[in-house]
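One structure is given here, and the rest of the page talks about it.
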Amino acid sequence: MNIYDISSQAGVSIATVSRVLNGSEKVSPATRQKVLDVIEKSGYTPNAFARSLSSNTMSTVGILCSDASDVYQAQAIYYLERELRSKSYTSMLCCTGHNLQEKAEYLNLLLSRNVDALFFIGSHFIESNGRGNSYILNAAKKIPVFLLNGKLSGDNVYSIICDDESASREITDLLFDRGAHAPIYLYRALTYSGQRKIRGFCASASQHGLTNVEKRTFSCPGPVEKTCQILENIKKSGIHFDAVAAADDELATGAVKYALRNGIRIPEDFQVTGYNNSVIATCSTPEITTLDNRVEYLCTTAVNEMMQVLDHKNVPPITSYSGSIMEYATTRK
């Protein structure tokens with residue numbers, strides 16, 4: 001069964017069948033129902049490529065992430081695909097890794113598939129070297145580009161970001177308010193988001209009387225076990241700390257494990273905060289106080305903005321929103 005058979009059985013032109021399949025209003029209700037009845041009886045499923053010839057759209061978008069095993073990115077993928085399905089869009093996912101050349105190659109692959117828009121998950125796609133972002137800006141000359149928690153200025157580029165700097169400052173303030181005197185900060189990478197989180201931590205620490213706050217921030221790019229070892233090394237170096245503010249919940253889990261191994265009571269003698277409000281925070285024992293950066297809202301907003309852009313409506317180049325603290329058992333009451 002194809003579009004020609006549908007046309008013949010319904011007694012209408014191929015153009016009319018095409019209008020019905022594409023939701024055109026230029027079909028009378030009676031004719032539309034006649035075509036739909038034939039489609040339902042035949043079980044016909046329109047071919048996406050054939051449909052795109054008449055509608056000039058594949059109703060497909062490209063999603064790029066660096067690592068689908070990352071809890072935050074996995075959440076974003078889930079919510080993006082859910083929202084896209086609700087808008088009758090399908091998606092193609094590419095896990096690019098962190099190499100710039102591979103990122104550009106995957107993007108070009110998606111462009112070759114005639115996707116209608118691109119979604120980039122995370123600020124690690126934005127290079128500090130402006131030339132490194134040319135592959136994104138060039139893609140935006142063809143189709144709209146949406147950066148989820150990343151920021152890049154350019155025509156047809158839309159950034160949806162959580163205010164990570166304010167959020168990081170607020171959750172560090174919480175540690176001080178609950179009795180911490182010497183927190184340190186653990187992060188993975190100096191991405192756009194990562195740098196803003198560090199600035200928030202340093203602003204809070206300075207306001208609460210700590211000096212040389214930049215020296216209280218430490219890179220922890222490895223797994224949980226590596227985080228434990230780094231904290232052991234910090235302790236051996238003579239730097240005193242009674243709390244850890246972490247850039248994500250996995251790092252916070254490493255801090256919890258460090259305390260448990262050393263017989264340090266949580267939260268009485270040692271407090272920990274995470275970031276992302278992921279399942280890791282609630283699976284930990286004790287459950288980790290964390291910052292909810294509202295990834296579901298992030299993805300819903302991004303898809304809604306895509307629909308507006310494709311409908312030729314004005315959308316701001318930057319949409320910023322606030323996170324919220326989720327208090328659990330690793331901070332004092």
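Cα centroid separation, the stretch 197-219 to the stretch 163-178: 11 Å. Rolling a 1.4 Å probe over the protein heavy atoms of the stretch 237-333, with every protein chain left in place, gives an accessible area that is 52 percent carbon and sulfur. Note that the chain presents 48 Å² accessible area per residue, ligands and nucleic acids not counted, probe 1.4 Å. Think of the chain as having a plus end and a minus end, set by charges on the Cβ of Lys, Arg, Asp and Glu; of Ile161, Ala247, Ser28, Ser28 sits farthest toward the positive end of this dipole. Relative protection proxy for 166-177, 78-89, 126-137, 237-248, from highest mean packing down: 166-177, 237-248, 78-89, 126-137 (other beta-carbon atoms within 10 angstrom). From the alpha carbon centroid of the stretch 65-88 to that of the stretch 267-293 is 23 Å. Between the entries (1) 17.2; (2) 20.2; (3) 23.4, the label attached to mean projected area of the Cα convex hull in nm² calculated for this structure is (2). The apolar share of the surface of the stretch 123-234, taken as the fraction of accessible area on carbon and sulfur atoms (1.4 Å probe, ligands and nucleic acids excluded), comes to 46 percent.
Which of the listed residues, Gly222, Pro286, Ser204, is farthest toward the dipole's positive end in the stretch 195-333, when Lys, Arg count +1 and Asp, Glu count -1 at the beta-carbon? Positive-most Cα among the choices belongs to Ser204. In the structure shown, the pairs Lys197/Lys333; Lys41/Lys142; Lys151/Lys257; Lys257/Lys333 are assessed against 32 Å; a Cα-Cα span above that value is assigned to Lys41/Lys142; Lys151/Lys257. What percent antiparallel are the DSSP beta bridges of the chain, to the nearest 5? Of all bridge pairs located within the chain, approximately 10 percent are antiparallel. Which FRET efficiency, nearest 0.05, do Ser59 and Arg199 yield, Cβ-Cβ r, R0 45 Å? Working from the Cβ atoms, E equals 0.65. Think of each Lys and Arg Cβ as +1 and each Asp and Glu Cβ as -1; about the Cα centre, that makes the dipole of the chain roughly 440 debye.
Helices in the chain, meaning DSSP H runs of at least 4 residues, each add -39500 (n - 2.57). Divided by all residues, the mean residue ellipticity at 222 nm is -14000 deg cm²/dmol.
Take the Cβ atoms of Glu296 and Ser13, set R0 to 41 Å, and the FRET efficiency comes out at 0.40.
Using a Förster distance of 22 angstrom, determine the FRET efficiency expected from the C-beta separation of Ser69 and Lys226, and round it to 0.05. Approximately 0.85, to the nearest 0.05. Maximal additional length on extending the Glu327-Ser153 stretch stands at 59.1 nm, based on 0.36 nm per residue less the C-alpha distance.
The aspartates and glutamates within cross-link reach of Lys26, meaning a Cα-to-Cα straight distance under 19 Å and a gap of 8 or more places when in the same chain, are Asp37, Asp311.
Simple spin-label estimate for Val279 and Arg261 gives 2.5 nm between the two label positions (7 Å along the Cα-to-Cβ direction from each Cα).
Within a straight-line Cα-Cα reach of under 18 Å, Lys313 can be paired with the following aspartates and glutamates, leaving aside sequence neighbours fewer than 8 residues apart in one chain: Asp116, Asp155, Glu305.
The values are calculated or read from the model by the stated rules, or taken from the named source; none is laboratory data. What you see is a predicted model, and the numbers here were worked out from it, not measured in a lab. Every residue, glycine as well, gets a Cβ built from its backbone with ideal geometry; the counts of neighbours run over all protein chains shown. Accessible surface areas use protein heavy atoms only, side chains included; no ligands, DNA or RNA. Shrake-Rupley method; radii C 1.70, N 1.55, O 1.52, S 1.80 Å.
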